[in-house]
Amino acid sequence: KRVERAHNVADLRLLARSRLPRPIFDYIDGGADDEVSLRRNVTAFKDYELVPDVLNDVSDVRTETTIFGQPSRWPLMLSPTGLTRMFHGHAELAVARAAARHGLLYSLSTMGTTRLEDLAQAFARPKVFQIYIFKDRGLTAEFVARCREAGFHGLALTVDTPVAGNRERDRVSGLSLPPKLTLRSMFSFALHPSWSIPALTGSKFDLANVSHKVDALAAGPMSLFDYIGGQFDRSVSWRDVEWLAREWNGPLAIKGVMTPEDAHRSIASGATGVMISNHGGRQLDGAPAPIDQIAAVRDTVGDAPDVICDGGIRRGSDVVKALALGATACSIGRPYLYGLAAAGETGVDHLLTLMRQEFERTLMLAGINDIAALSRRHVRHRPRGSA
Ligand code: FNR
């Protein structure tokens, strides 16, 4: 199989690009404005050197950890992504099954295309639901109740989206839901018939978790997307975090925190962790790379809270660097979407195998036999171009 000849995330990305019509690929791959943060998220990892220990007996390497209070085989989790069914017909279930096989936490997006109850039924492993504070607080409260009922273990509150980011690739491609045949994208869709024909039926793009809110859905998924987009509340504040923390009363991470000050405020407001994230460079362009913010955030919040580095992870060695700087774990979005688009569940499975192998190999080469032993002396910041 072609997917097995993919040796890394970059190979899977190329496979995804060849399998998907261009507007769909660009929706995954792109970022906001000039895509500075998108690129920096990735390259910032390369500015850290790994400083190895030797002769440390690495015949047995301990990688198990706890994220959102739940066991994870190694410190990686899967970030929430919307509209997943556009990338492969098996959508969230394929991703979640692969995550389960690898002993990892999965997170489902509010904008996902599988009902949270269905996901929970198919996926016994620890799982997180990504939630928003909507203008209609009742809608948020309803999600909290549904998540509790369905057995979700944690919530991730996304706070970097008071308005939608400016994704210019999507404007150029005229991406809409369901995808429409604009003149510009027609060739691309025509060149990918196996993808296009089922996708264009439209019903596949049901925003499954929110569709019950809009009875006038005859108007189609795009209007639902608009409706939910219109529900993003620009007035959301720390009081809402306090409210949500009380309402949920369980593991809660604030996703999109960038500074030590806001990390401190998150914990003081009742969250149990933060996801340092700029939404994969899709919201505020120019925001710092998550990897560069870890040390300061960890120093401020102390040992207990989850500090999850989300964005730009493309190698298992990136996870080692983030842990050495003080992260509890890393979280990935695009890498698993590339795998999904390339080959469905098999593709995600392959991606997770590759990253796991890279992670373990890096630990052994760095002389680390227990992730708990990783510390800041194992990394050195050295921007490229510096002597
Ligand atoms: C996202 N992300 C995202 N985040 C979120 O909180 N809710 C969402 O619905 C989505 N949807 C979404 C769709 C797509 C196609 C992408 C690529 C990303 C952001 C995601 O959770 C995560 O923060 C980034 O993907 C992390 O960066 P990397 O791993 O893609 O570099």
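The values are calculated or read from the model by the stated rules, or taken from the named source; none is laboratory data. Note that this is a predicted model, so its numbers are computed, not measured. We place every Cβ from the backbone using ideal geometry, glycine too, and count neighbours over all the protein chains shown.
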Options Arg101, Arg73, Arg137, Arg97: the member that is surrounded by fewer than 24 Cβ atoms within 10 Å (Cβ to Cβ), farther than 28 Å from Leu354 by Cα and basic (Lys, Arg): Arg137
In segment 142-173, the residues that are among the small types (Gly, Ala, Ser) and part of a helix (DSSP H, G or I): Ala145, Ala150, Ser173
Close pairs (6 angstrom Cβ cut-off, 6 or more residues apart or separate chains): within 25 Å of Gly367 (Cα to Cα) in segment 294-321, away from the ligand (no atom under 16 Å from the Cβ) and in a strand (DSSP E or B) anywhere: Lys321/Tyr48; Lys321/Val379
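Considering only residues that are closer than 19 Å to Ser72 by Cα and touching a helix residue (DSSP H, G or I) at 6+ places or on another chain (Cβ under 7 Å), look in segment 106-115 and name the one that is nearest to the ligand (Cβ to nearest atom).
Restricting attention to segment 106-115, the residues satisfying the condition of being closer than 19 Å to Ser72 by Cα are 106-108.
Restricting the remaining residues to those that are touching a helix residue (DSSP H, G or I) at 6+ places or on another chain (Cβ under 7 Å) gives 106, 108.
Details: Tyr106: 12, Leu108: 9 Å.
Restricting to residues being closer than 19 Å to Ser72 by Cα and touching a helix residue (DSSP H, G or I) at 6+ places or on another chain (Cβ under 7 Å), the top hit is Leu108.
Yes/no matrix, rows are residues, columns are (1) at pLDDT 95 or above; (2) touching a Lys or Arg at 6+ places or on another chain (Cβ under 9 Å); (3) of a type in the set (Lys, Arg):
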| residue | (1), (2), (3) |
| --- | --- |
| Asp285 | yes, no, no |
| Ala295 | yes, yes, no |
| Arg314 | yes, yes, yes |
| Leu323 | yes, no, no |
Residues located in segment 117-129, provided they are surrounded by fewer than 23 Cβ atoms within 10 Å (Cβ to Cβ) and either among the aromatic types (Phe, Trp, Tyr) or within 14 Å of the ligand (Cβ to nearest atom) (or both): Phe123
Which numbered condition Gly347 fails, given (1) within 16 Å of the ligand (Cβ to nearest atom); (2) crowded, with 23+ Cβ neighbours inside 10 Å; (3) of a type outside the set (Ser, Thr, Tyr); (4) farther than 24 Å from Gly82 by Cα: (4)
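Quick one: in segment 44-63, which of the residues that are loosely packed, with under 13 Cβ neighbours inside 10 Å and not small (Gly, Ala, Ser) is farthest from Ala329 (Cα to Cα)? Full working, then the answer.
Of all residues in segment 44-63, those loosely packed, with under 13 Cβ neighbours inside 10 Å come to 49, 54-55, 57, 59-60.
So of that shortlist, the ones also not small (Gly, Ala, Ser) come out as 49, 54-55, 57, 60.
Details: Glu49: 19, Val54: 24, Leu55: 26, Asp57: 24, Asp60: 20 Å.
That would be Leu55.
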The lone exception for Ala253 - which of (1) within 16 Å of the ligand (Cβ to nearest atom); (2) hydrophobic (A, V, I, L, M, F, W, C); (3) touching a Pro at 6+ places or on another chain (Cβ under 9 Å); (4) in a helix (DSSP H, G or I) it fails: (4)
Residue count for segment 226-257, restricted to those that are in contact with a strand residue (DSSP E or B) (Cβ under 7 Å, 6 or more places away or on another chain), touching a residue at least 60 places away in the same chain (Cβ under 8 Å) and among the aliphatic types (A, V, I, L, M): 6
Qualifying residues in segment 13-43 (those that are over 14 Å from Asp170 (Cα atoms) and among the hydroxyl-bearing types (Ser, Thr, Tyr)) - the one surrounded by the most Cβ atoms within 10 Å (Cβ to Cβ): Ser37
